[in-house]
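J.: The structure's right below; bear with me while I get my questions together.
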Amino acid sequence: MENTYRPNDLSLSLKARMALEKHVFRFTHSLGQNFILDENVIGDIVYAAGVSSGDNILEIGPGSGIMTAMMADKGAKVLAVELDRALEPVLTDVIGERDVKIVFQDALKADLNQLTREAFGENAKYSIVANLPYYITADFLMRIVSLSPAPDSVTLMLQKEACERVMSEPGDKNWSALSATVRYFAHAEVVMDAPASLFTPPPHVDSCLLKLHMKKNRPLDQAEEARLLNLIQAAFRMRRKTLANNLSASFSLSREETLAVLEKAGLDAKVRGEVLTIDQLIDVMNAMYH
Ligand code: SAM
């Protein structure tokens, strides 16, 4: 009986470790390169994301490509956007002939709408899955809400603090413009905790897997949503100031105009922006523009 291994027999973890070594890959801290090289953990993420045959998946930062390959093995069509060209030979070794398109671009600058259209087709449904480089977390979450068509779901490994921010409630110390924006667009749930020891090299903080189920029927049209996003930024602009002060400063309103808006929205003149629920923020937006 033959007992020599062919490369195809190797586990994805082993393939990835061998490829990283062969191509003398050096992890770059500033690019958030904390990889997950354990196939079981990646399997849990892919399972939590609900990836199945026929799905279209946009992956940000494929790294060694283990998750990319695993999602392709489930029958998904994967478009992966990676910034670091040094990973190209590693990804080529790990992904092999699988149905994956890799684009070397900055996920914060790339035209993701065009890339997903080209990869999956006009108006095709897709989801996002990523073990996100932590330094892009806030900017990337803000980008997700402008994607058109919107993804069905977004499953992201994030720094624990970022999960806490997204999951916080009005009035909590973590409730921020980011929390309010994400929660207007999506139902959010934390599906898994991930200690730092699961990563190579281990980061200084623990992580968790956040799943966003994007809302299909949102109450506002596109123009109103743009106004709401501006208003959210203004409401949280200076946390210790009242909403009235933040609104006057951001929208050049007189004190009387601002108080009239708050009264119309049924709010106290001294209320602070950071305690408002999404519905109250929508009331303020309506009071300002209708
Ligand atoms: N998915 C891999 C895993 O789970 O092991 C790697 C995850 S690692 C946390 C983040 C990945 O994102 C790295 O491969 C890094 O090079 C890449 N990256 C960093 N900044 C990026 C950016 N602006 N756009 C796209 N990818 C980026």
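J.: I'm trying to understand the selection: among the residues of region 247-272, which are surrounded by 16 or more Cβ atoms within 10 Å (Cβ to Cβ) and among the polar types (S, T, N, Q)?
T.: 248, 258
J.: Here's a follow-up. In this structure, is residue 204 away from the ligand (no atom under 13 Å from the Cβ) and either among the β-branched types (Val, Ile, Thr) or not in a loop (DSSP other than H, G, I, E, B) (or both)? If you could, list the steps in order and put the result at the bottom.
T.: Details: away from the ligand (no atom under 13 Å from the Cβ): yes; either among the β-branched types (Val, Ile, Thr) or not in a loop (DSSP other than H, G, I, E, B) (or both): no.
Judged against the criteria, residue 204 is not a match.
J.: Something else: Being in contact (Cβ under 8 Å) with a residue 12 or more places away in the chain, under 11 Å from the mean Cα position of the chain (by Cα) and crowded, with 21+ Cβ neighbours inside 10 Å narrows it down to one of 142, 157, so name that one. Show your work before the answer.
T.: On the way: 142 fails: crowded, with 21+ Cβ neighbours inside 10 Å.
Just one listed residue meets the conditions, 157.
J.: Separate question: Just to be sure before I move on: is residue 286 of a type outside the set (Ser, Thr, Tyr), modelled with pLDDT under 95 and within 29 Å of residue 48 (Cβ to Cβ) in the structure I sent? Outline the logic, then answer.
T.: Numbers: of a type outside the set (Ser, Thr, Tyr): yes; modelled with pLDDT under 95: yes; within 29 Å of residue 48 (Cβ to Cβ): no.
It is false that residue 286 is of a type outside the set (Ser, Thr, Tyr), modelled with pLDDT under 95 and within 29 Å of residue 48 (Cβ to Cβ).
J.: Looking at the structure I just gave you, is residue 97 near the ligand (Cβ under 10 Å from one of its atoms), closer than 25 Å to residue 44 by Cα and of a type in the set (Asp, Glu)? Reasoning before the result, please.
T.: Working: near the ligand (Cβ under 10 Å from one of its atoms): no; closer than 25 Å to residue 44 by Cα: yes; of a type in the set (Asp, Glu): yes.
For residue 97, the condition - near the ligand (Cβ under 10 Å from one of its atoms), closer than 25 Å to residue 44 by Cα and of a type in the set (Asp, Glu) - is not met.
J.: Among (1) surrounded by fewer than 17 Cβ atoms within 10 Å (Cβ to Cβ); (2) at pLDDT below 95, there is one condition residue 244 misses while meeting the rest; what is its number?
T.: (1)
J.: If you don't mind, another one. Is there a residue being among the hydroxyl-bearing types (Ser, Thr, Tyr) and farther than 22 Å from residue 156 by Cβ anywhere in region 55-67?
T.: Applying the first criterion (among the hydroxyl-bearing types (Ser, Thr, Tyr)) to region 55-67 yields 64.
If we keep only those that are farther than 22 Å from residue 156 by Cβ too, we end up with none.
Checking region 55-67: not a single residue is among the hydroxyl-bearing types (Ser, Thr, Tyr) and farther than 22 Å from residue 156 by Cβ.
J.: Tell me which of these residue 111 doesn't satisfy, since it passes every other one: (1) out of contact with any Gly (no Cβ under 9 Å at 6 or more places or on another chain); (2) of a type in the set (Asp, Glu); (3) near the ligand (Cβ under 9 Å from one of its atoms).
T.: Status for residue 111: all satisfied but (3).
J.: Enumerate the helices (runs of 4 or more DSSP H) found wholly within region 104-181, keeping only those where 1 or more residues are among the polar types (S, T, N, Q), over 30 Å from residue 271 (Cα atoms) and at pLDDT 95 or above.
T.: On the way: elements: 112-120, 137-144, 160-167.
Per the criteria, 112-120.
J.: Name the residues in region 114-147 that are polar (S, T, N, Q) and within 9 Å of the ligand (Cβ to nearest atom), would you? Reasoning before the result, please.
T.: First, the residues of region 114-147 that are polar (S, T, N, Q): 114, 116, 123, 127, 131, 137, 146.
Once the filter is applied, which keeps residues that are polar (S, T, N, Q) and within 9 Å of the ligand (Cβ to nearest atom), region 114-147 yields only 131.
J.: For region 231-284, how many residues are hydroxyl-bearing (Ser, Thr, Tyr) and in a helix (DSSP H, G or I)?
T.: Kept after step one, since they are hydroxyl-bearing (Ser, Thr, Tyr), are these residues of region 231-284: 242, 248, 250, 252, 254, 258, 277.
Now restrict to residues that are in a helix (DSSP H, G or I): 248, 250, 258.
Residues that pass the stated criteria total 3.
The values are calculated or read from the model by the stated rules, or taken from the named source; none is laboratory data. All of these numbers come straight from a predicted model, not from anything done at the bench. We place every Cβ from the backbone using ideal geometry, glycine too, and count neighbours over all the protein chains shown.
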